[in-house]
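Take a look at the structure below.
The values are calculated or read from the model by the stated rules, or taken from the named source; none is laboratory data. Small disclaimer: the values here were computed from a predicted structure and weren't measured. So basically every Cβ, Gly included, is an ideal-geometry build from the backbone, and we count neighbours across all protein chains shown.
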Amino acid sequence: MDVPLILLLLCLTVAVALPASAAEASLTAWAVDPLEKVFPDATPPAEPGVVSLRAARGQTAGGQIALQVRGEAARATVTVEPLAGPGGRTIAADQVRWHFQGFIPLAHNTEGTQDVLRKAPCDVPDVLLADRELTVAPDQTQPVWIGVDVPEDCPPGEYRGHVRVRAGDREAAVPLAVRVHDFALPRERHLWVTNWFSPENIATAHRLEIWSEPFWEMLGHYARMMAAHRQNVVLVPLNLIRLRRAADGKLAFDFTRFDRYARLFIAAGAGERLEIGFTAHFGEGGWSSKEILLNRVTATDAATGKMVTLEPEEGLGPLLRALEAHLKRRGWLDRALIHICDEPSAHNLASWRRASEFVHRHAPGIRRIDAIETTGFEGALEVWVPKLNHLNTWYPTYRQAQQAGAELWYYTCCHPFTVYPNRFLDFALLKTRVLHWINYAYDLPGYLHWGLNFWGQEPFGAPAANLPPGDTHIAYPGPEGPLSSLRWEAMREGIEDYEWLHLLAERTAAVQRRLGKPAQKLDAAEGAHAFARLIVRSFTDYEQSPSRFHAVREALAGEIEAVDKPPLLLVNTNPPGGSELVSGPIVLQVRGAVVPGAAVTVNGEAVTLDPDGGFWVHTSPAADGTVTIEATHDGQSKRVVRQFRLRH
């Protein structure tokens, strides 16, 4: 045989003998929109793209990358370099956090909902793992969450670097760009947020004796994680107060554990309000019972050392009186709220009102709060928390109560589903994030959910079969404390979006004061509400496109940055921005105030100003639904755009 032919055959033999995995070994990494969920079967795009984030100073911007290895499994890890910004400033590498995302097995989907992300059975990304290395199976996509903690003193501008992935001997890099806006996230919280949680579940999951010193240390980790996600209301169990009955029948109250609990959450920043509960419960049959009964309390009997059960007048009444006096001594009375019974409805409203009257009679200085399933709480409840679907159905009634002085929040739980937003595992992340745009759009200063950590025996396993997947918890127990989740991060960023809207209204109010008389009849919050309405058109009609959501948020940031820059300009429209306009033809009103001497146009048409800078004109929107108001003065200009939804 010819020698060259022999050599060729040998080469072919060697090539065939090599494992296919070694011949095809590769690593691909790419950017993913932070509002998308990445499933194991996701395919890489043609280009890696850029992780492009936007944040205020003092804010954490959340992003994602995904990686995939081909050929054979590999141990993967991630590194991040400092992000270089304007004037030589950087965001340090240790201010960029990352977590592999863990998958939760779903055996069922949310009831009655057509637009779930995946049909069960499937694996859904959620938990942000503590692992610094992870074995990635071949041809399986592994998502990674990226969190950039922008310093409060960070100059505005663009900061760039790379997220680098190593899997075995393979490497890949994805560009990371963070635009830091020229404003800071308010430190003060303007939205009340509570996620109920189980101290017992914390103790069990971390194998700690409840109320031991290691438990208190662990509870502190959870409190700080809650505060980092802008939770500022904490559920404080009433049974933390221990009672002792003396031989003469007098009761003594030990607030030691109650105080330590409250102080821990206050110090962490998660206890701006103390939500104390509960004082009553359902009778036989549970929620369907017509009776809501006041709780009996237990006390240690000094004579026998045994626990005795006290009827409400003998035990609960004195306890409530002592609690109010104690809160007042501690300076906590203004923080305090107290629950009667969770989720009263029409069939047990009468007995709920009797229980509420009892609580108020013994502790009149503590405001009452409850998650409610009906209306009719006037005069017996200071903080109303209807479920989102009930809020939608009976909104005029709830709004009337709010206008009469009630504080109006809302809650979600295992309900609502179908077309409503919520934070279930098989829902898009945008459905979680818009929850707090609802808060702003409808002037609802609080949000409640029951499920921070009510996981079952296996927190990382299949969700409870009797509830929508993920309803029970958005936190997971980690090796050294709580682990966050994609849904908890989406919730945090939604709360921070609320703060952006609040900041715009606050800055606009300052501009209103500076402009004086012509601006006094204008609504300083209308601009912020116009942005909110672009995302939340109703309780069931809300933005579901990540790209359009990001565009609205970017426009919001631009208005926050510009609103108090010269020339000063304040604009209201009638109807407000974000409204639907129906052709026929369309005429709307633009009313505003500007610094005297400025020139103003509305959709390109010059406007005649009053001597003090006020103006009022009729106009029609442009073909894209926008109304553009421009002002120029002393060589400076400003543009305000209001977007409407057109229906022809």
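The table below lists the values:
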| quantity | calculated |
| --- | --- |
| Any hit, the stretch 353-375, residues being in a loop (DSSP other than H, G, I, E, B), in contact with a helix residue (DSSP H, G or I) (Cβ under 9 Å, 6 or more places away or on another chain) and surrounded by fewer than 16 Cβ atoms within 10 Å (Cβ to Cβ) | yes |
| Single match in 237, 214, 199 (criterion: surrounded by 18 or more Cβ atoms within 10 Å (Cβ to Cβ) and farther than 30 Å from residue 150 by Cα) | 199 |
| Filter pass, residue 456 being at pLDDT below 95 and surrounded by fewer than 22 Cβ atoms within 10 Å (Cβ to Cβ) | yes |
| Condition check for residue 578: over 30 Å from residue 199 (Cα atoms), assigned to a loop (DSSP other than H, G, I, E, B) and not β-branched (Val, Ile, Thr) | yes |
| Qualifying residue in the stretch 406-422 (condition: under 13 Å from the mean Cα position of the chain (by Cα) and assigned to a strand (DSSP E or B)) | yes |
| Failed item, numbered, when residue 589 is tested on (1) more than 19 Å from residue 533 (Cα to Cα); (2) assigned to a strand (DSSP E or B); (3) more than 34 Å from the chain's Cα centre (by Cα) | (1) |
| From the options 593, 551, residue that is out of contact with any Ser or Thr (no Cβ under 8 Å at 6 or more places or on another chain), under 28 Å from residue 53 (Cβ atoms) and among the hydrophobic types (A, V, I, L, M, F, W, C) | 551 |
| Residue list for the stretch 147-196, filter: touching a residue at least 60 places away in the same chain (Cβ under 8 Å), closer than 24 Å to residue 452 by Cα and not in a strand (DSSP E or B) | 187, 189, 190, 191, 196 |
| Test for residue 554: is it closer than 22 Å to residue 433 by Cα and either part of a helix (DSSP H, G or I) or of a type in the set (Ser, Thr, Tyr) (or both) | yes |
| Filter result (charged (D, E, K, R) and within 9 Å of residue 593 (Cβ to Cβ)) within the stretch 509-520 | 517 |
| All positions within the stretch 301-319 that are surrounded by 13 or more Cβ atoms within 10 Å (Cβ to Cβ) and under 16 Å from residue 281 (Cα atoms) | 310, 312, 315, 316, 317 |
| Criterion: touching a helix residue (DSSP H, G or I) at 6+ places or on another chain (Cβ under 7 Å) and assigned by TED's automatic domain parsing to the domain that holds residue 508 - qualifying residue of 588, 581, 609, 568 | 568 |
| Selected residue (criterion: surrounded by the most Cβ atoms within 10 Å (Cβ to Cβ)) from residues of the stretch 129-146 that are in a loop (DSSP other than H, G, I, E, B) and of a type in the set (S, T, N, Q) | 141 |
